[in-house]
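Beneath this line is the structure, given in structure tokens, with notes to follow.
The values are calculated or read from the model by the stated rules, or taken from the named source; none is laboratory data. A quick note: this is a predicted structure, and the numbers were derived from the prediction, not measured. Methodologically, a virtual Cβ is constructed for each residue, glycine included, from the backbone with ideal geometry; neighbour enumeration extends over all protein chains shown. Just so you know, the surface numbers come from the protein's heavy atoms only, side chains and all, with ligands and any DNA or RNA stripped out. Shrake-Rupley method; radii C 1.70, N 1.55, O 1.52, S 1.80 Å.
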Amino acid sequence: MSAPKRPQPRPGVLAIDPYVPGKSKAPGVARVFKLSSNETPLGASPKTIAAYQSVAEHLEDYPDGSATALREAIGRAFGLDPNRIVCGAGSDDLLNLIADAYLSDGDEAIHTTHGFLVYPIATLGSGATPIVAAEKNYTADVDAILAAVSERTKVIFLANPNNPTGTYVPFDEVKRLHRALPPHVLLVLDAAYAEYVRRNDYEAGIELVATSENVVMCRTFSKIYGLAAVRLGWLYGPEHVVEAINRIRGPFNVNSAAQAAGIAAIQDTAHTETARAHNDKWLPWLTDEIRKLGLEVTPSIANFVLVHFPESKGRTAEDADAFLTKRGLLLRRVHAYKLPNALRMTVGSEEANRLVVAALADFLGGKEPGRT
């Protein structure tokens, strides 16, 4: 066998389908409403923006490599030990660090059918094999996950609530999953949308992490806090997991502006509550209004809805996406999530929400974009 003529990536890397973000442009359209990336319509709070801007006077200084003040602020907000918190450049950074620390060639990591796309990407990038556990009604199924566990399983990724379906696993079921796992298997609870949840049977994972040696919880500032642009997330885990992650993460993986903005954001509880109240109002409104049009909507507890379209010609998700885009209404195609007949819509401003419902009514009624 001849030697390769150029450097070769490790096995698994070229099997990765690159992550494709939600589109943000509609050529030829004067005004665009971007509802494709689960961003908050309220934006970051004024206090957060001011904190971010204050860092501009000291761009020559390296950031605090330990994000000490930010970890302490998170600890105060949630009643956690700051020493068991790791901050990263978005929760995606932390998910990849977990894979790098705990997966290697021959290992397996489990995620569910419609789970977040970063899970298989991180798994393959570490040389391990992603294993898909079937879902029920677009919801993670504990029994299917447990059935997929093998002697090679090292990590289980569970988004709760899940993106892009908006469904969730009740805390009792999460605990049942954890009880049945071998102690060396790391359960990763990705709670990126936890701040939006209003269900009494939901728990983001703090309690389980506090009482376990093989559970970590990941969170983000990209959603309700409005800091997607700066890339900021955090992880809460057992001391031994935190130690491992800190050994391999970049020494300055969270920049100074992100740290300052994160501290201000988590302290501005009034802005967070306003964002939550906005979602509480418009999430059920969108669900009800879109269902009235005859389309199926998966019940969601996050800040988005998954809308299903028929396969009939002229009425598909692809057709709807093209129609809406011509009106400057950008939703998310989710065929990469094995949902080719659905679009995901972020809860937007009142104007955006009403425009989408009206446009969908026109689409289903056969009206051309731009006509009334």
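Table for the structure above
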{"item": "Solvent-free Debye scattering, log10 I(q)/I(0), computed from the Cα coordinates of segment 15-93 at q = 0.12, 0.21 Å⁻¹", "result": "-0.64, -1.16"}
{"item": "Per-peptide average of other Cβ atoms within 10 Å, ordering 25-34, 130-139 highest first", "result": "130-139, 25-34"}
{"item": "Size of charge dipole - the chain - debye, nearest 20, with Cβ of Lys, Arg +1 and Asp, Glu -1, no other charges", "result": "1160 debye"}
{"item": "Per residue accessible area in Å² of the chain, where ligands, DNA and RNA are left out and the probe is 1.4 Å", "result": "46 Å²"}
{"item": "Convex hull volume per residue for the chain, taking Cα atoms only, in Å³", "result": "178 Å³"}
{"item": "When the convex hull of its Cα atoms is projected in every direction, mean area for segment 84-153 (nm²)", "result": "5.2 nm²"}
{"item": "Base-10 log of normalised Debye intensity for segment 193-348 (one unit scatterer per alpha-carbon) at q = 0.12 Å⁻¹", "result": "-0.71"}
{"item": "Protection proxy ranking, peptides 247-256, 176-185, 54-63, 157-166, average beta carbon neighbours within 10 Å, highest first", "result": "157-166, 247-256, 176-185, 54-63"}
{"item": "Long-range amide H partners of LEU186 with built H, under 5 Å", "result": "VAL155, ILE156"}
{"item": "Cα shape, segment 51-121, gyration tensor, a/c 1.5 rule", "result": "prolate"}
{"item": "J(HN,Hα) series, segment 154-166, from Karplus relation 6.51 cos²θ - 1.76 cosθ + 1.60, nearest Hz, glycine and proline x", "result": "10, 9, 10, 9, 10, 7, 8, x, 8, 10, x, 8, x"}
{"item": "Cα coordinate range in segment 25-155, projected on the principal axes (Å, largest first)", "result": "53, 48, 29"}
{"item": "Above-threshold pairs, the threshold being 21 Å between Cα atoms, out of LYS292/LYS338; LYS136/LYS338; LYS34/LYS292", "result": "LYS292/LYS338; LYS34/LYS292"}
{"item": "Alpha-carbon centroid distance for the pair segment 1-60 / segment 273-325, whole angstrom", "result": "24 Å"}
{"item": "Karplus 3J(HN,Hα) series, Hz, for segment 203-211 with 6.51 cos²θ - 1.76 cosθ + 1.60 (x for Gly, Pro)", "result": "9, 5, x, 4, 4, 5, 4, 5, 10"}
{"item": "Prolate/oblate/rounded label for segment 263-318 (Cα gyration tensor, a/c 1.5)", "result": "prolate"}
{"item": "Value of [θ]222 nm, deg cm²/dmol, for the chain, DSSP H segments ≥ 4, -39500 (n - 2.57) each, nearest 500", "result": "-11000 deg cm²/dmol"}
{"item": "Segment 169-210: Rg to Rh, with Rh as the Kirkwood radius over Cα pairs", "result": "0.97"}
{"item": "Cα-centred dipole magnitude for segment 243-333, charges only on beta-carbon of K, R (+1) and D, E (-1), debye, nearest 20", "result": "240 debye"}
{"item": "Reciprocal of mean inverse Cα separation for segment 277-372 (Kirkwood radius, Å)", "result": "13.3 Å"}
